[in-house]
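The values are calculated or read from the model by the stated rules, or taken from the named source; none is laboratory data. Predicted model only: the values in this text are computed from it and were never measured. Backbone-built Cβ (ideal geometry, glycine too); neighbour counts: all protein chains shown. For the accessible areas, the whole protein counts, side chains as well, though only heavy atoms, and no ligand, DNA or RNA atoms are used. Shrake-Rupley method; radii C 1.70, N 1.55, O 1.52, S 1.80 Å.
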Amino acid sequence: MATNEAKKKPNAKGGGGGGGSKKKEVKKETGLGLSFKKDENFGEWYSQVVVSAEMIEYYDISGCYIIRPWAWKIWKLMKEFFEKEIDKMEIEDCSFPLFVSPAALQRETDHIEGFAPEVAWVTKSGESDLEIPIAIRPTSETVMYPYFPKWIRGHRDLPLKLNQWNNVVRWEFSNPTPFIRSREFHWQEGHTAFASKEEADVEVLAILELYRRIYEEYLAIPVVKGKKSEMEKFAGGLYTTSVEAFIPNTGRGIQGATSHCLGQNFANMFDIKFEDEKGNKRMVWQNSWGYSTRTIGVMVMVHGDDKGLVVPPKVASSQVVVVPVPYKDADTQAILDACSDAVKTLTEAGLRAKADLRDNYSPGWKYSHWEMKGVPLRIEIGPKDLANNQVRAVRRDNFKKVDIPMASLAEQVKDMLDDIQKSLFDSAKEKRDACIEKVATWDQFIEALGKKKMILAPWCDEEEVEKDVKTRTKGEMGAAKTLCSPLDQPDIPSGTLCFASGKPAKKWSYWGRSY
Ligand code: 87F
């Protein structure tokens with residue numbers, strides 16, 4: 001992806017609306033079109049879409065972005081779902097500080113070592129140096145766990161299940177991309193402690209299932225649930241599970257969210273123990289899990305097209321936009337009223353609908369504008385529609401047009417939105433599945449990698465081999481690595497050999513380049 005930040009500041013509006021002058025100037029030419037095509041220049045296309053759709057504004061610090069209401073609402077809708085679900089699991093929200101003391105941060109040495117270059121520090125207040133610099137949280141294990149021993153004494157204090165919605169800072173050096181890789185990002189981080197490994201194991205998968213549902217049911221993006229290799233797992237934990245999405249245009253996998261079983265590593269380091277029923281002191285079992293605003297970026301990449309963003313109805317800020325189409329001698333007021341009535345009907349039916357009644361933009365301009373913003377359904381009302389007591393609905397996903405009688409507006413729009421949600425998922429899945437290739441040998445692997453595939457291969461599960469694959473595939477496009485071993489494992493006939501080492505294969509694993 002191109003890195004020239006200055007280039008990524010397209011003027012989305014292409015001129016103003018002409019308000020203010022005496023004679024009303026109606027904007028006809030949209031000037032809204034994208035100048036890059038998704039299939040031709042994916043990186044530039046992405047940068048342009050997020051700005052033109054009014055999701056992102058670039059900021060004067062590299063890797064930091066303003067998230068505008070159009071994108072934040074998507075985040076909010078996902079959050080509402082997730083909050084309800086974790087509430088059922090009796091996980092409680094809380095808020096820990098943004099800052100970490102160096103002492104706390106460095107108590108956990110195993111995993112922090114590799115991450116150290118990404119930690120940002122506050123070293124000054126005003127002109128004076130701080131006596132002890134303080135770190136800004138990159139994640140909150142070391143912020144939270146020092147306090148767990150205060151709250152966990154006996155088995156009755158368990159499980160402890162906390163979650164926080166916050167922002168974290170990781171000083172990324174490579175290729176910042178809005179939503180996908182930013183220096184500050186928003187997420188939820190869950191941190192839980194149990195008396196037994198069994199309870200922790202159950203929760204890891206329950207949370208992973210919620211992440212799958214966010215992607216598949218809300219964002220209409222197919223994902224693979226899987227386990228990370230020893231090399232790719234969170235080094236501080238016991239094992240890591242993830243949901244993995246795939247971007248067909250770039251041929252790259254992308255980690256969608258992670259749910260870790262931390263085992264007793266942190267418990268040992270932070271001395272988090274409890275007295276069991278028999279009076280024995282035991283270490284707790286811990287999990288941590290998170291999904292971030294990266295979800296939104298994956299949505300843009302998977303569904304967007306050459307006309308801009310495409311938002312699945314379940315996460316769309318506005319699911320329906322109603323546009324009046326008043327011809328010259330038409331009864332404009334009656335058309336505007338019909339638009340307001342339609343919005344009222346839809347809103348009362350629980351849908352998110354808006355009318356665009358601005359008189360300084362032409363209908364054509366509005367069509368392009370809302371297409372760019374990815375509104376799932378557009379409703380047009382003109383004189384003929386008014387006379388026939390109907391509206392014209394146009395789908396954003398396939399531009400199909402349907403006339404709907406006013407009398408059944410809400411029901412039919414609901415059905416159409418459900419259908420759009422479903423077909424976005426189906427078409428994304430079809431494209432993703434077409435990118436999956438099962439291979440048996442190294443030659444097949446290299447060939448599939450050249451074709452930007454997500455590769456399913458039998459693997460001996462040895463770290464040395466994984467390292468070897470990385471070295472052997474190094475190049476301009478980045479090395480291939482394991483994305484995950486799917487939880488849902490195909491049969492592995494006896495005698496199957498590892499594609500890379502020729503040793504007996506232990507499991508199927510997805511491989512590919514990744515974000
Ligand atoms: C960067 C700097 C310092 C990732 C980092 O995945 C520390 C870290 O610990 C770090 N980048 N990680 C791993 C985060 C693990 C875990 N934390 C809670 C999650 C989900 C939410």
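Determine, for each peptide in 119-132, 221-234, the mean count of other beta carbons within 10 angstrom over its residues, then list the peptides with the highest first.
Highest mean packing first, the order is 221-234, 119-132.
What is the distance, in nm, between label points placed 7 Å from the Cα along the Cα-to-Cβ direction at residue 430 and at residue 76?
Simple spin-label model gives 3.5 nm for this pair.
Quick one: P(r) of region 369-410 from all Cα-Cα pairs, 10 Å bins, percents rounded to integers, in order of increasing distance.
Percent of Cα pairs in each bin: 30, 49, 21, 0.
Using packing as a proxy for protection, rank 351-363, 289-301 so that the peptide with the highest average count of other Cβ atoms within 10 Å comes first.
289-301, 351-363
Per 5 Å bin, what is the whole-percent P(r) computed from every C-alpha pair distance within region 414-490?
3, 13, 19, 21, 15, 9, 7, 6, 4, 2, 0
Taking the inverse of the average 1/r across all pairs of different Cα atoms in region 375-515, what Kirkwood radius in Å do you get?
One over the average 1/r among Cα pairs gives 18.6 Å for region 375-515.
Taking a probe of 1.4 Å, how large is the accessible area per residue of region 171-272, in Å²?
Numbers: 2970 Å² over 102 residues.
The answer is 29 Å² per residue.
Take the Cα atoms of region 108-258, build their convex hull, and give its volume per residue in Å³.
So the per-residue Cα hull volume is 161 Å³.
Between 0 and 90 degrees, rounded to the nearest ten: what's the tilt of helix 332-348 against the longest Cα principal axis of the chain?
Tilt of helix 332-348: around 30 degrees.
At what distance in nm do the modelled label points of residue 401 and residue 99 sit from each other, each positioned 7 Å from its Cα along Cα→Cβ?
Going by the 7 Å Cα→Cβ label model, 6.2 nm.
Taking the C-alpha atoms of region 24-103, how large are the radius of gyration and the largest Cα-Cα span, Dmax, in Å?
Final numbers for Rg and Dmax: 19.5, 65 Å.
Measure of size requested: the Rg and Dmax of region 239-284, with Cα atoms as the atom set and Å as the unit; please supply both.
My reading of the Cα-based Rg and Dmax gives 18.3, 58 Å.
For the chain, what is the mean residue ellipticity at 222 nm derived from helices alone (per DSSP H run of n ≥ 4: -39500 (n - 2.57); sum divided by total residues; nearest 500 deg cm²/dmol)?
Computed mean residue ellipticity for the chain: -9500 deg cm²/dmol.
Once label points are set 7 Å from the Cα along Cα→Cβ at both residue 467 and residue 340, what is their separation, rounded to one decimal in nm?
7.1
By how many degrees, 0 to 90 and rounded to 10, does the Cα axis of helix 294-303 deviate from the longest principal axis of the chain?
On a 0 to 90 degree scale, this one is about 50.
How large is the direction-averaged shadow of the alpha-carbon convex hull of region 356-431, in nm²?
Averaged projected area of region 356-431's Cα convex hull equals 5.6 nm².
For region 447-489 and region 288-326, what is the separation of their Cα centres, given in Å?
Cα centroid to Cα centroid, the span is 31 Å.
In Å², what does the accessible area per residue of region 334-464 work out to with a 1.4 Å probe?
46
State which entries of 88/506; 307/344; 161/422; 481/503; 414/451; 161/354 exceed 30 angstrom in Cα-Cα distance in the structure shown.
Check vs 30 Å cut-off fails for 88/506; 161/422; 414/451; 161/354.
Let's test this: bin the Cα-Cα distances of region 74-149 at 5 Å from zero up to the farthest pair and state each bin's percent.
The distribution over region 74-149 is 3, 12, 18, 16, 15, 13, 13, 5, 3, 0, given as percents.
Helix 363-372 versus the longest principal axis of the chain: what is the Cα-based angle in degrees, 0 to 90, to the nearest 10?
Long axis of 363-372 versus the principal axis of the chain: about 10 degrees.
Once neighbouring chains are kept in place and the probe is 1.4 Å, which whole percent of the accessible area of the chain is contributed by carbon and sulfur? Please report the intermediate quantities before stating the final value.
Numbers: 11640 of 23590 Å².
Answer for the chain is 49 percent, counting heavy atoms of protein chains only.
Return the inverse of the average 1/r over all pairs of distinct C-alpha atoms in the chain, which is the Kirkwood hydrodynamic radius, in Å to one decimal. Walk me through the numbers on the way to the answer.
On the way: mean 1/r = 0.0393 Å⁻¹.
Taking every pair of different Cα atoms in the chain, averaging 1/r and inverting gives 25.4 Å.
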